[in-house]
1. If we keep just the residues of region 17-38 that are farther than 15 Å from Ile71 by Cβ and free of Cβ contacts under 8 Å to residues at least 24 places away in the same chain, which is surrounded by the most Cβ atoms within 10 Å (Cβ to Cβ)?
2. Out of all the residues in region 45-55, is one or more within 15 Å of Trp22 (Cα to Cα) and open to solvent by 40 Å² or more (accessible area, probe 1.4 Å)?
Amino acid sequence: MATPAASRVLFSEAVRQVLLSWPVLQIAVDNGFGGVYGTQKADWMVDVVQQFFHDNADLQRGEVEDFLSDIMNQEFNTVVEDGSLPQLCDALLQMFSQWQQGALQTLRNTIDSLSQKKSERAKVTAPPPQSDEDEEDEEPQVMECEPSAPSVSRKADPPEEEDGWTVVKKK
């Protein structure tokens with residue numbers, strides 16, 4: 001059996017692999033949402049999260065979600081709404097449980113599989129910038145939506161333009 005200090009380092013590495021393979025954190029760091037020290041904040045986040053697990057007994061997913069959500073909001077100005085937070089928390093809770101039970105080889109295997117996935121980085125590409133000249137020539141775009149329930153057909157008024165924004169009003 002590994003020494004407690006060595007196994008604690010193993011759990012810390014597991015947290016690192018989970019967080020650094022999380023597309024939300026990757027995007028936040030890569031795009032500077034955390035400022036010039038975004039990479040250092042991501043490293044700090046690993047330490048804080050693993051300490052959070054060690055300091056709190058019997059954590060529930062909601063507690064971990066709230067904790068991570070607060071960090072992302074405060075440190076990276078990011079609100080996580082992509083549905084990945086529950087999955088991330090479940091993975092962290094599962095690895096912490098493995099660590100607590102002494103299933104260190106299983107934990108090492110999980111870390112190895114995450115290391116292989118880490119090479120797949122999330123990419124975000126911004127749409128090409130649009131010049132002011134292009135905007136003058138274009139007509140306002142109207143979004144067409146399928147109704148969720150059958151509706152009575154009625155004549156739609158054309159959208160109004162206010163300060164360069166297309167306003168669609170429902171009657």
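The values are calculated or read from the model by the stated rules, or taken from the named source; none is laboratory data. Computed from a predicted structure; not experimentally measured. Because the Cβ atoms are built from the backbone with ideal geometry, glycine has one as well, and the counts that use them run over all protein chains shown. Remember, those area values only see protein heavy atoms, side chains included, never the ligands or the DNA or RNA. Shrake-Rupley method; radii C 1.70, N 1.55, O 1.52, S 1.80 Å.
1. Gly32
2. Scanning region 45-55 turns up no residue that is within 15 Å of Trp22 (Cα to Cα) and open to solvent by 40 Å² or more (accessible area, probe 1.4 Å).
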